[in-house]
Amino acid sequence: MDPHKERIKTGCHKILDGINSMSLVNLDDQQVHSLVMMREIARGVVDDQNRKVTRNDVIRALRRSILKMVCASRDIIRLLSRMSYEGLDDQQMNLVLRMKEIAHRIIDKQPRVAITRPNLLVEQVALLDEGMRDSPVVESSKIGDALIDGDQSMSNDDDMLDVEHVLRFENGMNVAQESLSPSCFQQFLLWPPDDCITLEWVQDMMSTFEHVSQKVLPSAFCNIVPTILVDKLTDAASSILCEEPNCVEVDCEGEDSRVIVVGDIHGQFHDLLSLFKHAGVPSESQFYVFNGNYVGKGAWGIEVLLVLLAWKVLMPHRIYLLCGNHESRYYTGRYGFENEVWTKYGKQGEYVYNKFLECFKVLPLASVIANCVYTTHGGFFRSKHSAPSRKPKHRKTQRVDLGSLAELSEVKRARIGSPYEGPNILLTDILWSKPSKRNGLRENAGRKYGLWWGPDCTEAFLKRHNLKLIIRSHEGPDARAGQDDFGNMMIGYSLDHDVESGKLYTLFSAPDYPQFGQKRYNNEGAYAILQSPDFASPSFFSFKAAERPTVDPYVDSDADEMDLRAPSSSQIASTSAFCASQRPYPGGSRPIFDFSLLGIHNGPSWSVELGDGLGGTQVMQVPRAPVVEGLPLPPNIQEPHRSAYKYLFELVGALKHVVVTRETENRARVSALRSRAKKRKGRKSNS
């Protein structure tokens, strides 16, 4: 061989080895493209191939590497599934689970996954194909189609390879000892690969949520609980809930059986954990019935909902989840749950929010426990024969007939909202109705929804269905404030009706309610225990609020319902990572992005003061603009600056859209006035 060519070939071998050993973590798109192009040129020289290397060759190389990576990932999953985890400590266990999660994501073609130096795992796991060492691998949400379609996606050899980001793959056990030290260790949740939830998995979820609520920004929640986990958990739970009737039968006739009935929770996750600590978690002999209102007015509605759904999937015949009036599209939007989802899941928020709404549709409406106790969220409902055929123009107080459980079983509950007419108006009644001291069943003239019912209706319902006890929820200390007829709910429960056939109680389980509000009631929450053999004789247990982190009211409730009180010193110590200044904002709404990460404590909010046209100002919530200039951002901007720029661009774009819209409307208004003035002037001149 020509010595000159041999030296060139030797140099190309060194280039190949050098590039194959490089990490692509901190490289931008152009640098990745250039390196892979250089490697393919060197490979062509080594293999004695005399041809031009194009962009298509780069794509083919990446595609080959990803195909090898997918095959190796399947091997990883199979091997790890057969492994014995005995003797592994928590950090090693989490590393193994992390490897399995990344392997699943690679197979499913999830974005934000890449392997830059897979040979680091070979010595530790001994399962990667030797051919996989030949090339670095990049996967990007933007080039996913190109990697699959190959040549068909290429139109110009000079076009730049659009790689959005390259992430480091977790290293092997030895390398991970340093990277997973306690100071930098972060918990995360993985969906079980066999789709089987265990008790340990649910308990790990609860402890992870508790840790995350104290240490992690809400905007980073999606990194701990990925969308795929929400998707699989809600689907698994919905498949169980949709098979349950409108009124579920709780069969708990065992000698040592007992049932815990829980009222409204309203996103107060730490109080749910406290309740479990007081009463115990679900078990073979301990049943749970939740009366609804899991979300809204609290910061951790997602955590509450996911934990309860996990318990439902784990023990479908030991935990029963009923629907509340807050499990609807309108009230999740009004009282903050929708904004909570958007804050925690960002651009995936709409998808996650709709998954939760679909789950709400299949929640049952009531339960009958041990054939003698009736529970529901709101209360009684009218007979379908009393249902109006169309929405009334004016809400009138009128007498209606009491409905039966047989009629309730015919309600189509798979809808989000509160019907005004037709047989499904029973769905509205059961979620919104309230007891009264006045006999009779009548429309609630003071509100759009629900009925009032008196002690005579309670007696009639108990007697008709051979029941002895009713436990409903729906009303807390705010609803009972100023009402002398009933208990004020400050201890979490109230005896409302005591009739010949039994009793009616109201139960509320959210202490120190509401979390986001101008006034907190410093109330206690409560739960009821029904125990064999006499399930109709309840025992009520009150509990105080658990210590919980103070968070900025990113849920976008009304201004008069925001809690802007300064946190206690103990809370500041535990939540300093994300507690911003308590400076008041227009309308009480703080910015979604945490500007304190950049040392800024007065970041702009979406609630702004604008001129009202009369010399004064008004606070308004800025609507989002259909198009935002300056987005998408360049890929080399790092967090938290990337999120800050995006937030500011969106806000400025929205403000510009508002101003332009106002100016256009003003011009149209002025033009219309001038036109009318000209017409009047013309009529006068003609006369």
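The values are calculated or read from the model by the stated rules, or taken from the named source; none is laboratory data. From a predicted model like this one, the values you see are computed outputs, not experimental measurements. Every residue, glycine among them, receives a Cβ derived from its backbone with ideal geometry; neighbour counts consider all protein chains shown. We work out accessible area using only protein heavy atoms, side chains counted, and drop any ligands, DNA or RNA first. Shrake-Rupley method; radii C 1.70, N 1.55, O 1.52, S 1.80 Å.
Given axes a ≥ b ≥ c from the Cα gyration tensor, I'd like to know whether the range 423-485 is rounded (a/c under 1.5), prolate (a/b larger than b/c) or oblate. Spell out each step's value before the answer.
Details: a/c = 1.62, a/b = 1.22, b/c = 1.33.
Oblate shape, in that a/c is at least 1.5 and b/c is the bigger or equal ratio.
With the whole protein complex present, Ile319 retains an accessible surface near 0 Å², based on a 1.4 Å probe. Evaluated over the Cα positions of the range 232-321, the convex hull gives a direction-averaged projected area, one quarter of its surface, of 5.8 nm². Straight-line reach from Lys519: taking Cα to Cα under 22 Å and skipping same-chain neighbours fewer than 8 places apart, the lysines in range are Lys297, Lys544. Surface listing: Cys222, Cys242 arranged by accessible area from highest to lowest gives Cys242, Cys222, probe 1.4 Å.
In what sequence, largest accessible area first, do Asp47, Asp57 appear using a 1.4 Å probe?
Details: Asp47 80, Asp57 15 Å².
Per-residue accessible area, sorted high to low, gives Asp47, Asp57.
Within the full protein context, the accessible area of Arg642 is estimated at about 70 Å² for a probe radius of 1.4 Å. Listed by chain and number, the lysines placed with their C-alpha closer than 25 angstrom to that of Lys9 are Lys52; residues fewer than eight positions away on the same chain are left out.
Looking at the range 461-544, which GluC sites (Glu not before Pro) are DSSP coil and have at most 12 other C-beta atoms within 10 Å of their C-beta?
Working: sites: Glu475, Glu500, Glu524; in loops: Glu475, Glu500, Glu524.
Qualifying residues, ordered by number: Glu500.
Separation of the range 198-241 and the range 254-312, taken as the distance between their Cα centroids, equals 15 angstrom.
For the range 466-508, the solvent-accessible area with a 1.4 angstrom probe is 40 square angstrom per residue. Would you list which lysines come within 24 Å of Lys232, measuring only between C-alpha atoms, while excluding same-chain residues fewer than 8 positions from it? By straight Cα distance, Lys232 reaches Lys100, Lys109, Lys312, Lys344, Lys347, Lys355, Lys361.
For Arg258, what is the net charge nearby, where nearby means another residue's Cβ is under 13 Å from its Cβ and Lys, Arg count +1, Asp, Glu -1? Display every interim value, and only then the final one.
Values: positive: Arg318; negative: Glu253, Glu255, Asp256, Glu284, Asp534.
My count for the surroundings of Arg258 gives -4.
Solvent-accessible area of His465, all protein chains in place: 50 Å² (probe radius 1.4 Å, heavy atoms, ligands and nucleic acids excluded).
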